[in-house]
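Student: Could you have a look at this structure, given as structure tokens, before my questions?
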Amino acid sequence: MGHMLNNTIQDILIRRARMSGFNACWVPGTDHASIATEAKVVNKLRENGIEKFSLTRDQFLVHAWEWTEKHGGIILEQLKKLGASCDWDRTCFTMDEERSDSVIKVFVDLYNKGLIYRGVRMVNWDPAAKTAVSDEEVNHKEEKSKLYYLRYKIAQSTDEWVTIATTRPETILGDTAVCVNPDDSRFAHLRGKSVIVPLINREVPVIFDSYVDMEFGTGCLKITPAHDANDYRIGLDHKLEVIDIFNDNGTLSEKAQLYVGKDRFAVRKEIVSDLEKAGNLVKIEEYTNKVGYSERTNVVIEPKLSAQWFLNMQDITKPALENVMNDMVEFFPKKFKNVYKHWMENIKDWCISRQLWWGHRIPVYYLSNGDFVCAENEQLALELAKKKTGNQNLTLSDLKQDEDVLDTWASSWLWPISVFGGVTNPNNEEINYYYPTNVLVTGHDIIFFWVARMIISGYELRDNFPFKHVYFTGMVRDKLRRKMSKSLGNSPDPLDLIEKYGADGVRVGMLLCSPAGGDLLFDESLTEQGRNFCNKIWNAFRLVKGWEVDTTIKQPESSKLAIAWFNEKLNEIIVRNTEQYEQYRISEVLMNLYKLFWDEFSGWYLEIIKPEYQKPIDAETIASTIDFFEQLMELLHPFMPFITEEIWQYLKPRSQGESICVVQAPKADVFDAQMLNTFEVTKEVIGGLRTIRKEKNIPIRESLQLLVNANDEYSDKYNVVVAKLINISSIQNTSQKVENAASFRVQTSEFYVPLEDLLDKDAEIEKIEQELKYKQGFLDSVDKKLSNEKFVNSAPANVVEVELKKKNDALEAIALLSTRLEQLKR
């Protein structure tokens, strides 16, 4: 659903650009989603009784490519059903030859600049995918956990213990110290002493470090350098042993000594029982903390020491931060600038290696002594290795390429450049023509994964931004504000919606509930509303094309006025929408057009110009109407490409190959606001007269007389419009109040409809008497409340004021009804 919203908005922008005269380019493509795709392929193989590591790397990649070609094609076909007008012959894939060459070249160039390095660091380890993931790929969820208080015996004492608190008791098997704050007098006597780790009886030192918060927990901290980032830093400072007790799949390793081969969470339950039996469990408390989950596999992340490849982000990010903050790159909505700024100012080096087979293999080649070279291919690597070692007898068999692949985002971050061949051929005609691009449409959930990194690469590789504008869509949620997800069962299949409501209907429905940058509360009734709008347009088209045209009859004055008015109304909306497009207020643009077609064109214009039943329409009016219809279709086309193209083709004769998608959209700079205001008054007058007909049950076949006591806001030139729509036989001016007439006011003008010959007097008298009785009863209840001194004295002044207003309104209504009753009884 999120992709449907995102691609609908992109299609609207690109179609509008084409219709504004631009040589518009929208490059479609997919990324290879290394973690997610490999997980899918591994599961598929397992269903067929094949384990990943029973295959060679090349054999596995055959299966991965098969899966990708099948599912990548499905995505693109779905976009076509939605109406996405991409440059389909430009379709790219992050693992195709050009993009792959680009990724490898950039890696080598950044390595040679000293920006990419290899190091052992504490990383976020995904035990399900068996790979490291970046900080941005970890979702932190607040959970109700347990805090376990465990006691460690002082080695140099027979009866002294220290107590630590931990949420992860299984990790004590990797403890290599207990740490206290040097300013904590409670533990000063422990200098130079050691403690015994429970169950495995490992003797570890007591160390002193100001990192420990004396007020938190017991003031004693267990140190497990292999499995906590903060512990690792303390371990480095104090030169502690590092004991990794976990296998890559989250089970316990031989180094744990106990529970070997068992899952970490199963061990947690088991070890608590064993600690209690051993007398080391002091107590357990309920505890709320945040736990990191893999964004891809939704399993709990394990902090793990691992040799990985990193990109130094400290200097490379500076132009990207500066040029967003100064609006060289503009964000819509603006609020996301602060989110971006906070992340960029606190950025860490990017772990770009992944322990997978599906992806761009890291272009690093190792020699048998552990030394390595970095090159774009193995032949270049061999030349470098010979030069580095001075050994001219080296062969390819002496080199072994790094087993890891690059993070998927390490290819996606090059997208605005690599799709135009700007990495491998940096001065080619296309990259110079199209780069920098105009706009990126994306979800704010990948502002760090993708948006920031594309801006970084743009300045690093081409010293320019990759796009001028970034439009962030909201998240698609259900009516209960829950994120759409398959697991919750609250996410409809977009193709099913298209089948049911049509692509145009779904596109309109999505945007009707999509505020700029705000979350979209999806309701299927809105896609139904979208389909109904399509039906409204089609029925209006059938109506107009169904009228018989007579070239000999004169154009009615009412039609001439309607044409002049609607032309200004159309111009007003075009001007307003131009401003809103520039601010990416896409939903508001659609709503303006929706109301323009449904209310103004269908509800007013067509009603005014419609010929009498089975009578023809004049040629001038139908020509103007067809022109208006054509312009409306052109304005709506970016939102509703299918129905607008179909109707546009039928409205007028077209040449072979002509299409609405490349015509110039209607333009306007000015409109007559005074005329529009005057016509709005006319519409109010018509509304007042329709209310009289409805309330008095006067059928439209009965003509009415209208007397007008008008001021400046009402123009009598529209009398012919009023007369036609309401069936008015005569309209006269008056300066007096008219007796025995229904009346209403529009601003300062008064309008009277004599009713003597149109009403059933007895029925009207009975109706007024009943209304008088109700109003008198209401007045009595208000008077009773106001005569209560306790209420008047104790109630807030504004409450009493409301009651006094109710009384005055009731008195005024009773006076009017009484006068009307008296007139009828004469």
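The values are calculated or read from the model by the stated rules, or taken from the named source; none is laboratory data. Please read all numbers here as calculations on a predicted model, not as lab measurements. With ideal geometry, Cβ positions are generated from the backbone for all residues, glycine too; neighbour counts draw on all protein chains shown. Just so you know, the surface numbers come from the protein's heavy atoms only, side chains and all, with ligands and any DNA or RNA stripped out. Shrake-Rupley method; radii C 1.70, N 1.55, O 1.52, S 1.80 Å.
Student: What residues have an amide H closer than 5 Å to that of residue 293, excluding those fewer than 5 places away on the same chain, when H is modeled at 1.01 Å from N in the peptide plane?
Tutor: 139, 140, 141, 301
Student: How many percent of the accessible area of the chain is carbon or sulfur, using a 1.4 Å probe?
Tutor: Carbon-and-sulfur percentage of accessible area, whole number: 48.
Student: Here's another thing I want to ask about it. How large is the accessible surface per residue of region 524-583, computed with a 1.4 Å probe and reported in Å² as a whole number? Walk me through the intermediate numbers first.
Tutor: Values: 3060 Å² over 60 residues.
Ligands and nucleic acids excluded, the result is 51 Å² per residue.
Student: What is the ratio of the Cα radius of gyration of region 127-249 to 2.2 N^0.38 Å, with N the residue count, to two decimals? All intermediate terms of the calculation are to be shown ahead of the outcome.
Tutor: Details: Rg = 15.3 Å, N = 123, 2.2 N^0.38 = 13.7 Å.
For region 127-249, the normalised Cα radius of gyration comes out at 1.12.
Student: Okay, next question. Could you work out the pair-distance distribution P(r) of region 266-361 from its alpha-carbon pairs, with 5 angstrom bin width and percents rounded to whole numbers?
Tutor: Binned Cα distances yield the sequence 2, 8, 11, 12, 13, 13, 12, 10, 7, 6, 4, 2, 1.
Student: Output the relative contact order of region 213-287, whole-number percent, from Cα pairs under 8 angstrom with separation of 6+ residues.
Tutor: Values: 60 pairs, mean separation 10.5, N = 75.
For region 213-287, the relative contact order is 14 percent.
Student: Consider all pairwise Cα distances in region 682-826 and report the whole-number % of them above 24 Å.
Tutor: Values: 4822 of 10440 pairs.
In whole percent, the share of Cα-Cα pairs in region 682-826 beyond 24 Å is 46.
Student: Rounded to whole Å and sorted largest first, list the principal axis extents of the Cα atoms in region 35-184.
Tutor: The Cα atoms of region 35-184 stretch 78, 45, 37 Å along their principal axes.
Student: Let me ask another. Using only helices, what value at 222 nm comes out for the chain when you add -39,500 (n - 2.57) per DSSP H run of length 4 or more and divide by the total residues, to the nearest 500 deg cm²/dmol? Could you put the intermediate results ahead of the total?
Tutor: Details: 26 runs with 354 residues, N = 826.
Mean residue ellipticity at 222 nm (helix-derived): -13500 deg cm²/dmol.
Student: Still on this structure, I have one more. Within the chain, which is the longest segment that contains none of the chymotrypsin sites (Phe, Trp or Tyr not before Pro) sitting in a DSSP loop with at most 15 other Cβ atoms within 10 Å? Show your work: numbers first, answer last.
Tutor: Details: sites that count: 22, 211, 216, 613.
The segment 217-612 is the longest one with no such site.
Student: Within the chain, which is the longest segment that contains none of the GluC sites (Glu not before Pro) sitting in a DSSP loop with at most 15 other Cβ atoms within 10 Å?
Tutor: Numbers: sites that count: 51, 160, 215, 241, 376, 403, 548, 612, 658, 702, 713, 739, 756.
For GluC sites (Glu not before Pro) (loop position, at most 15 other Cβ atoms within 10 Å), the longest site-free span of the chain is 404-547.
Student: For region 221-289, evaluate the Debye formula with one uniform point scatterer on each Cα (no solvent term) and list log10 I(q)/I(0) at q = 0.12, 0.28 Å⁻¹, rounded to two decimals.
Tutor: Values returned for q = 0.12, 0.28 Å⁻¹ are -0.41, -1.14.
Student: Need one number for region 256-314: average projected area of the convex hull over its C-alpha atoms, nm². Walk me through the numbers before you get to the answer.
Tutor: Numbers: hull surface 29.8 nm².
With the hull built on Cα positions only, its mean projection is 7.5 nm².
Student: What does the accessible area of residue 384 come to, in Å² to the nearest 10, when a probe of 1.4 Å is used?
Tutor: 70 Å²
Student: So, one more: Within 10 Å of each candidate Cβ there may be at most 10 other Cβ atoms; applying that plus a DSSP loop requirement, which trypsin sites (Lys or Arg not before Pro) in region 145-252 survive? Don't skip to the end; give the middle numbers.
Tutor: Numbers: sites: 146, 151, 153, 186, 191, 193, 202, 222, 233, 239; in loops: 191, 193, 239.
Taking region 145-252 and a limit of 10 other Cβ atoms within 10 Å, the loop trypsin sites (Lys or Arg not before Pro) found are 239.
Student: List the trypsin sites (Lys or Arg not before Pro) within region 632-695 that fall in a DSSP loop (any state other than H, G, I, E or B) and whose Cβ has at most 13 other Cβ atoms within 10 Å.
Tutor: Numbers: sites: 654, 667, 683, 690, 693, 694; in loops: 654, 667.
Passing both the DSSP loop test and the Cβ count: 654, 667.
Student: Further, regarding this structure: Output needed for the chain: three equivalent-ellipsoid semi-axes, defined as square roots of 5 times the C-alpha gyration tensor eigenvalues, in descending order, whole Å.
Tutor: Details: eigenvalues 1016, 327, 95 Å².
So the three semi-axes of the chain are 71, 40, 22 Å.
Student: Once the Cα gyration tensor of region 656-700 is found, what semi-axes does its equivalent ellipsoid get, as square roots of 5 times the eigenvalues, in whole Å, sorted largest first? If you can, show how the numbers build up before the last one.
Tutor: Values: eigenvalues 320, 75, 6 Å².
Ellipsoid semi-axes (Å, largest first): 40, 19, 5.
Student: Excluding ligands, DNA and RNA, what is the solvent-accessible area per residue of region 20-60 at a probe of 1.4 Å, expressed in Å²?
Tutor: Working: 2230 Å² over 41 residues.
I get 54 Å² per residue for region 20-60.
Student: While we're here: Hey, can you find the accessible area per residue of region 738-792 for me, probe 1.4 Å, expressed in square angstrom?
Tutor: Details: 3590 Å² over 55 residues.
Per residue, region 738-792 has 65 Å² of solvent-accessible surface.
Student: Which net charge results for the neighbourhood of residue 62, defined as the other residues with beta-carbon distances under 14 angstrom from its beta-carbon, given Lys and Arg at +1 and Asp and Glu at -1?
Tutor: On the way: positive: 44, 52, 57, 70; negative: 38, 58, 66, 69.
Value of the local net charge: 0.
Student: Of the trypsin sites (Lys or Arg not before Pro) in region 302-381, which ones lie in a loop per DSSP and count no more than 13 other C-beta atoms within 10 Å? Before the final figure, lay out each step's value.
Tutor: On the way: sites: 304, 334, 335, 337, 341, 348, 354, 361; in loops: 334, 335, 348.
Here the trypsin sites (Lys or Arg not before Pro) that fit, given the DSSP loop and packing criteria, are 334, 335, 348.
Student: I need the fraction of alpha carbon pairs in region 544-691 separated by more than 27 Å, rounded to a whole percent.
Tutor: Values: 2941 of 10878 pairs.
Across region 544-691, Cα pairs with separations above 27 Å total 27 percent.
Student: Taking 0.36 nm per residue of separation and subtracting the Cα-Cα distance, what length does fully extending residue 748 through residue 612 add?
Tutor: Working: separation 136, 0.36 × 136 = 48.96 nm, distance 3.35 nm.
Net length gain for the segment: 45.6 nm.
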